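Let me begin by handing over the structure; questions about it come next.
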Amino acid sequence: MGIEGFGARVLRKEDRRFITGRGRYTDDMVVPGMKFAAFVRSPHAHARIKGIDASAAREMPGVIDILSGDQLKADGIGNLICGWAVTSKDGSPMKMGEWPALAVGTVRHVGQAVAVVVADSKLQARDAAEAVEVDYELLDAVVEGPAALEAGAPEIHPEAPGNLCFDWELGDARATEEAFSRAAHVTRLDIVNNRLVPNAMEPRAALGVYDPADDHYTVWTTSQNPHVARLVMSAFYNVAPEHKLRVIAPDVGGG
């Protein structure tokens with residue numbers, strides 16, 4: 001007899017379609033007239049964008065349009081948001097810098113998107129993205145967290161003086177200090193944590209469809225929280241009111 005109740009093995013029902021290649025991920029979705037996007041990304045950690053020349057790329061086969069951060073900003077597309085606001089120990093709110101979907105004026109990390117190419121096919125979009133020329137003025141950068149807090153370090157966001165977004169603590173500082181003062185032995189050491197990123201097994205992807213007849217948007221995306229995605233696109237990115245947006249989360253690999 002099988003074990004029932006708490007702790008019992010739960011039979012998986014979805015494995016058959018996965019192991020037989022019938023999973024449905026965002027990249028599997030196909031809609032009529034679908035176009036593709038490829039991003040032009042910064043090779044520099046910190047630089048000022050002096051100019052973007054997309055004239056040659058626009059003439060390449062299949063290219064529909066090439067957009068920059070300035071164009072998105074002019075169209076009222078809002079910034080990427082922080083999902084968790086942190087309050088510093090002195091009660092002040094966090095000093096988060098602006099994060100546009102495409103860099104406006106300055107790039108602040110290697111790989112930051114500077115422009116997006118829309119084309120008829122994925123390969124055409126990629127080829128055109130490589131043909132976009134960006135004129136950068138290199139700025140000083142820091143690659144270690146502690147160095148970013150030193151006096152004179154280049155500031156990444158004007159909204160966060162000294163590169164300090166927040167100074168957060170948890171626990172009872174006084175009780176902790178008293179415990180250390182009574183300790184027979186105290187060891188001090190510096191611990192460096194490796195950087196982590198919560199990535200799904202497939203790349204981040206999205207497919208959006210606009211229906212002009214109903215003035216309605218449908219989006220398929222690699223997300224485990226489609227309701228929040230709809231809220232963000234409506235309230236922060238200004239795409240459309242929530243009742244005009246439908247977000248679908250198909251199969252998503254890895255949590």
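The values are calculated or read from the model by the stated rules, or taken from the named source; none is laboratory data. This is a predicted model, so every value here is computed, not measured. Every residue, glycine as well, gets a Cβ built from its backbone with ideal geometry; the counts of neighbours run over all protein chains shown. SASA here: full protein model, heavy atoms, side chains in, ligands and nucleic acids out. Shrake-Rupley method; radii C 1.70, N 1.55, O 1.52, S 1.80 Å.
Which residue, of 8, 57, 74, is modelled with pLDDT of 95 or more and open to solvent by less than 90 Å² (accessible area, probe 1.4 Å)? Talk me through it step by step, then tell me what you get.
Values: 8 fails: modelled with pLDDT of 95 or more; 74 fails: modelled with pLDDT of 95 or more.
When all the criteria are applied, what remains is 57.
Right, something else. Kindly indicate the residue of region 25-49 that is modelled with pLDDT of 95 or more, among the small types (Gly, Ala, Ser) and under 26 Å from residue 222 (Cβ atoms) and also most open to solvent (accessible area, probe 1.4 Å) among those meeting that condition.
Once the filter is applied, the top-ranked residue is 37.
Take residue 234 and decide whether it is under 22 Å from residue 36 (Cα atoms), open to solvent by less than 40 Å² (accessible area, probe 1.4 Å) and of a type outside the set (A, V, I, L, M). Lay out the reasoning, then the answer.
Values: under 22 Å from residue 36 (Cα atoms): no; open to solvent by less than 40 Å² (accessible area, probe 1.4 Å): yes; of a type outside the set (A, V, I, L, M): yes.
No, not satisfied.
Considering only residues that are of a type in the set (D, E, K, R), touching a residue at least 60 places away in the same chain (Cβ under 8 Å) and not in a loop (DSSP other than H, G, I, E, B), which ones fall in region 1-49?
Step one: of region 1-49, the residues of a type in the set (D, E, K, R) are 4, 9, 12-17, 22, 24, 27-28, 35, 41, 48.
If we keep only those that are touching a residue at least 60 places away in the same chain (Cβ under 8 Å) as well, we get 24, 27-28, 35, 41, 48.
If the condition is that a residue be of a type in the set (D, E, K, R), touching a residue at least 60 places away in the same chain (Cβ under 8 Å) and not in a loop (DSSP other than H, G, I, E, B), then 27, 28, 41, 48 are the ones that fit.
Still on this structure, please answer the following. Consider residue 242 against the criteria (1) in contact with a helix residue (DSSP H, G or I) (Cβ under 6 Å, 6 or more places away or on another chain); (2) open to solvent by 60 Å² or more (accessible area, probe 1.4 Å); (3) modelled with pLDDT under 90: it satisfies all of them except one. Which criterion is unmet?
Evaluating residue 242 over (1) in contact with a helix residue (DSSP H, G or I) (Cβ under 6 Å, 6 or more places away or on another chain); (2) open to solvent by 60 Å² or more (accessible area, probe 1.4 Å); (3) modelled with pLDDT under 90 leaves (3) as the failure.
A follow-up question, please. Of the numbered conditions (1) open to solvent by less than 80 Å² (accessible area, probe 1.4 Å); (2) assigned to a loop (DSSP other than H, G, I, E, B); (3) not polar (S, T, N, Q), residue 229 fails exactly one; give the number of that condition.
Only one criterion in (1) open to solvent by less than 80 Å² (accessible area, probe 1.4 Å); (2) assigned to a loop (DSSP other than H, G, I, E, B); (3) not polar (S, T, N, Q) is unmet by residue 229, namely (2).
Residues of region 128-165 being open to solvent by 80 Å² or more (accessible area, probe 1.4 Å), touching a residue at least 40 places away in the same chain (Cβ under 8 Å) and in a loop (DSSP other than H, G, I, E, B), which ones?
Once the filter is applied, which keeps residues that are open to solvent by 80 Å² or more (accessible area, probe 1.4 Å), touching a residue at least 40 places away in the same chain (Cβ under 8 Å) and in a loop (DSSP other than H, G, I, E, B), region 128-165 yields 140, 143, 158.
Another one. Run down 119, 184, 147, 173 and say which single residue is out of contact with any strand residue (DSSP E or B) (no Cβ under 7 Å at 6 or more places or on another chain) and at pLDDT 95 or above. Break it down into steps so the answer makes sense when it comes.
Values: 119 fails: out of contact with any strand residue (DSSP E or B) (no Cβ under 7 Å at 6 or more places or on another chain); 147 fails: at pLDDT 95 or above; 173 fails: at pLDDT 95 or above.
The conditions single out 184.
Does residue 52 meet the test of being open to solvent by 60 Å² or more (accessible area, probe 1.4 Å), in contact (Cβ under 8 Å) with a residue 60 or more places away in the chain and closer than 21 Å to residue 239 by Cβ? Steps first, please.
Values: open to solvent by 60 Å² or more (accessible area, probe 1.4 Å): yes; in contact (Cβ under 8 Å) with a residue 60 or more places away in the chain: yes; closer than 21 Å to residue 239 by Cβ: no.
In short, no.
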